[in-house]
Amino acid sequence: MKIEIFEIQNFDLEHEIADVYLNSWITTYKDLFDENLVNSVKKEDIINRRRRLLSLKHACTFIAVYEKKVIGFCDLGKFRVHENIEISNQRQIYSKPGEIYMMYILEKFQRQGIGKKLFGQASKFLEQTNLYPFILWTLKNNKMACNFYEKLGGRIYGSIDIPVDKKRYIEIAYIFDDDSKPVINTQLNSC
């Protein structure tokens, strides 16, 4: 299986990326959030959210492509102010130069080293553009993501309590810095 990783202009392939986001959102969060919330996410909302996010200075997207189809992506850039003021206020105390905003890979392509390769490119970009150290956020109950980031060398830097659809969840910040330099091998496993 030949997977290619590309840096793209912020709004290139936005519909294909939104499809990956939506599909991955459903498969990732179906057991973590209420079914109505998971199914309420719409493609146009994703496109609009990513447009706002990627209009920030220093924002960047890497995509993973297999047989000319986008199968994963990673959005990253300068540490951002979150759209939700409550979340933004809590996150500010954990501010670092860079942030990985989101990374999604289609379920059938997970656990094949593609996430490591995307993460490796993101980490290299953040370091080369002086956005290092960087953080990323994930839900505490998303064990698969937590394990993935810890295997890459991330360490828990803090946590916040966030509102999601009238419920509260714990979101964890993972930091990648000189004390936790990402442990990555950008070669794909078994490819």
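The values are calculated or read from the model by the stated rules, or taken from the named source; none is laboratory data. From a predicted model like this one, the values you see are computed outputs, not experimental measurements. Note: ideal-geometry Cβ built from the backbone for every residue, glycine included; neighbour counts use all protein chains shown.
Quick notes
- Some residue of segment 38-53 being among the small types (Gly, Ala, Ser), under 22 Å from Phe109 (Cβ atoms) and without any contact (Cβ under 8 Å) to a residue 40 or more places away in the chain: no
- Any hit, segment 176-189, residues being at negative phi, at pLDDT 85 or above and either under 13 Å from the mean Cα position of the chain (by Cα) or outside any loop (DSSP other than H, G, I, E, B) (or both): yes
- A residue that is closer than 18 Å to Leu136 by Cβ, surrounded by fewer than 19 Cβ atoms within 10 Å (Cβ to Cβ), among the hydroxyl-bearing types (Ser, Thr, Tyr) and at pLDDT below 85 can be found somewhere in segment 78-89.
- Residue match in segment 16-29 (condition: of a type outside the set (Ser, Thr, Tyr) and more than 17 Å from the chain's Cα centre (by Cα)): no
- Selection status of Lys167, among the charged types (D, E, K, R) and out of contact with any helix residue (DSSP H, G or I) (no Cβ under 8 Å at 6 or more places or on another chain): yes
- In the condition set (1) closer than 24 Å to Ala59 by Cα; (2) of a type in the set (Lys, Arg); (3) touching a helix residue (DSSP H, G or I) at 6+ places or on another chain (Cβ under 8 Å), Lys140 is compliant with all but (1).
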